[in-house]
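Everything below concerns the one structure shown next.
The values are calculated or read from the model by the stated rules, or taken from the named source; none is laboratory data. For clarity, every value in this text was computed on a predicted model and none was experimentally measured. Virtual Cβ from ideal backbone geometry, glycine too; neighbours counted across all protein chains shown.
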Amino acid sequence: MSLLVGLVVFSGISFLIYGIAYFTSPKMKSEFIRFGLEKFGTLTAILEILGGLGLLVGLMLNFFLLISAGGLALLMLLGVGARLRVKDGFLDTLPALLFFVLNSFIFIESIKIIGD
């Protein structure tokens, strides 16, 4: 298994878990309330689930990998912004930052694959 495939699988499964957790964990919903973004919780969870599925499908169809990785990178960049806005500490912000970097890397690599 290549590094890229491993990262895609890791990110895809992680986003599926995070997205589903919104519907099953009161803590996840309370975070959106704390951020002042309760209106966007369900949408964000659905986008995470679709993005996670898109990454996994993207292992076979690169177009889905490109769109999903780009969308999830944007979503995580917004997540970093939300954490900074409420003045969360570095450790609380780190997961969103790492998933932003990870999905940005996947996005860039998927562009290279299309170019080949």
Quiz item: Of 41, 71, 58, 12, which residue is without any contact (Cβ under 8 Å) to a residue 24 or more places away in the chain, crowded, with 17+ Cβ neighbours inside 10 Å and touching a helix residue (DSSP H, G or I) at 6+ places or on another chain (Cβ under 7 Å)?
Solution: 41
Quiz prompt | Output for segment 15-24, where each listed residue is surrounded by fewer than 17 Cβ atoms within 10 Å (Cβ to Cβ) and either at pLDDT below 95 or under 15 Å from the mean Cα position of the chain (by Cα) (or both) | solution = 17, 20, 21
Practice problem: Name the single residue, out of those in segment 75-91 being without any contact (Cβ under 8 Å) to a residue 40 or more places away in the chain and among the aliphatic types (A, V, I, L, M), that is surrounded by the most Cβ atoms within 10 Å (Cβ to Cβ). | Solution: 76
Quiz item: Are there any helices (runs of 4 or more DSSP H) wholly within segment 1-110 with 3 or more residues that are among the β-branched types (Val, Ile, Thr), and if so which?
Solution: 3-24, 41-57
